[in-house]
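So the structure is just underneath, and the comments pick up after that.
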Amino acid sequence: MTVVLNSENIHVQIPPRSPEFQRTDKERFTILCPQMAPIHFALCSGIFRQCGYNVVVLPTINRETIEEGLRYVNNDVCYPAIIVVGQLIQALKSGRYDPARTALLISQTCGGCRSTNYATFLKIAVNKAGFPDVPVIPFQVNFTNDNNKGLFLPLFALKKLFLAFLYGDLLMNLANRCRPYEKNRGEVDVLVQVWVEKLQTEIMTNKYGNVSKTASVIVNDFDALDLQTECKPKVGIVGEILVKYHPGANNNLVSLIEQEGGEAVVPNILDFALYCLTSGDHCKRFAPVSFLSMLKSRIAVWFIERQRDKVRKVLRQHKRFSSFGNIHHLAEQAKRFVSICNQTGEGWLLTGEMAELLEEETLNIICVQPFGCLPNHITGKGVMKELRSHYCGANISTLDYDPGATEVNQLNRIKLLMATALRRNSFNGKSTNK
């Protein structure tokens with residue numbers, strides 16, 4: 001939106017509306033989707049194709065992606081917005097896609113977080129970049145799909161999306177647990193890719209009864225790897241969802257931790273979905289909540305946790321691996337430090353994840369957040385003093401990300417945290433990896 005000032009009046013120029021994506025368009029359109037979590041999104045892409053949508057998940061980002069985003073999004077807007085807009089505009093400019101047959105998919109939360117405005121930022125950006133006829137599809141995983149009638153996922157597809165994220169969480173956790181100790185470098189990542197290809201087929205068949213069996217085979221494969229028996233300090237990674245899970249957005253934070261002699265522990269993406277689904281229950285005392293909406297959310301939470309119980313049971317049979325947490329336990333942990341009505345951004349989930357990590361003796365935590373993200377600063381940086389007073393030895397550091405942040409400064413903060421973690425690990429080193 002452009003505001004023109006003169007001595008007589010104020011004239012506001014509204015950018016032209018982008019065309020709506022209709023259901024009939026799916027047969028001839030390619031839909032571009034920004035990357036967020038490589039393992040999880042690789043498992044999800046086939047689900048959209050099965051519903052008739054040709055969705056292409058864009059590859060990892062680079063510095064040119066960020067520069068592209070800065071051309072169309074003000075630097076005052078949060079870093080993830082710059083990244084996702086940059087990815088999509090860069091793809092349109094690449095020449096690989098016909099603008100007349102291309103649409104852009106972007107998530108939207110419809111809450112107090114600035115991610116609510118991502119779709120608007122993108123609509124303005126495509127106009128500025130010279131692609132006014134490219135439709136922008138705001139997407140929410142909900143039960144109505146009222147926010148965009150052009151892209152509709154039936155219930156069976158939403159179930160498959162959940163299954164993809166369940167297996168994605170499992171692979172991510174197993175890989176992070178094993179990679180720092182592998183004797184044959186690259187073996188873990190190869191095994192992850194093997195299972196991504198196998199699971200893409202299994203998810204399409206919609207076999208929920210196979211969760212226990214499949215999880216058992218996956219865990220056994222990782223447990224059979226030839227690993228070192230040393231014990232490295234665990235470092236939890238919490239914070240804003242895109243920066244937390246996207247290696248390109250966080251400058252390969254997991255790899256940096258491993259290079260510095262640590263083991264990264266990254267909470268599950270499904271916890272974020274469950275955090276959103278339980279919001280009505282937590283706020284019903286203070287705001288009107290539709291009973292039907294709350295009932296649907298409760299059924300969804302019950303279904304998801306029931307399937308996760310199958311994976312938990314498998315993980316408990318292996319000493320090397322930790323089990324999954326439970327969303328209700330996370331909420332109880334967070335209640336000790338913040339109100340669980342904090343539901344903007346990562347809200348109480350961010351505090352709950354830090355408390356759970358500390359309860360499980362992962363005393364080293366890096367909190368990653370976009371520079372100026374007020375909600376996450378409150379429930380992240382704002383509770384660190386209290387967490388340190390409750391958990392002796394808590395070693396917590398924050399990393400702010402924006403286009404102007406230098407990797408050198410971030411690396412120095414990581415090295416400082418790792419120096420403390422390694423010193424304590426050397427002093428207390430009793431346990432082994434297996």
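The values are calculated or read from the model by the stated rules, or taken from the named source; none is laboratory data. Quantities reported herein were computed from a predicted structural model and do not represent experimental measurements. All Cβ positions, glycine included, derive from the backbone under ideal geometry; neighbour counts span all protein chains shown.
With the checklist (1) more than 30 Å from Leu155 (Cβ to Cβ); (2) of a type in the set (A, V, I, L, M); (3) surrounded by 15 or more Cβ atoms within 10 Å (Cβ to Cβ) in hand, flag the one item Ile203 doesn't pass.
(1)
Report, by residue number, each residue of segment 228-252 that is among the aliphatic types (A, V, I, L, M) and over 14 Å from the mean Cα position of the chain (by Cα). If you could, list the steps in order and put the result at the bottom.
Initial filter on segment 228-252 (among the aliphatic types (A, V, I, L, M)): 235, 237-238, 241-243, 249.
Within segment 228-252, Val235 is the sole residue that qualifies.
Among the helices (runs of 4 or more DSSP H) confined wholly to segment 188-299, which include 3 or more residues that are of a type in the set (A, V, I, L, M)? Outline the logic, then answer.
Numbers: elements: 211-223, 241-245, 253-259, 270-277, 279-283.
Here the list reads 211-223, 241-245, 253-259, 270-277.
When you check Ala394 against the structure, is it under 17 Å from Pro233 (Cβ atoms) and of a type in the set (A, V, I, L, M), yes or no?
Values: under 17 Å from Pro233 (Cβ atoms): yes; of a type in the set (A, V, I, L, M): yes.
Spelling it out, Ala394 is indeed under 17 Å from Pro233 (Cβ atoms) and of a type in the set (A, V, I, L, M).
Contact list please: Cβ distance under 7 Å, first residue in segment 288-312 and surrounded by fewer than 16 Cβ atoms within 10 Å (Cβ to Cβ), second residue modelled with pLDDT of 95 or more, pairs at least six apart or on different chains.
Hits for this filter: zero, empty list.
For segment 54-166, please list each of the strands (runs of 3 or more DSSP E) lying entirely inside it that holds at least 2 residues being within 25 Å of Pro38 (Cβ to Cβ) and at pLDDT below 90. It would help to see each step written out before you state the result.
Details: elements: 54-57, 102-107, 136-139.
The qualifying strands (runs of 3 or more DSSP E) are 102-107, 136-139.
Residues being outside any helix (DSSP H, G or I), buried (at least 23 other Cβ atoms within 10 Å of the Cβ) and under 18 Å from the mean Cα position of the chain (by Cα): count how many of those fall in segment 344-399.
Total satisfying the criteria: 10.
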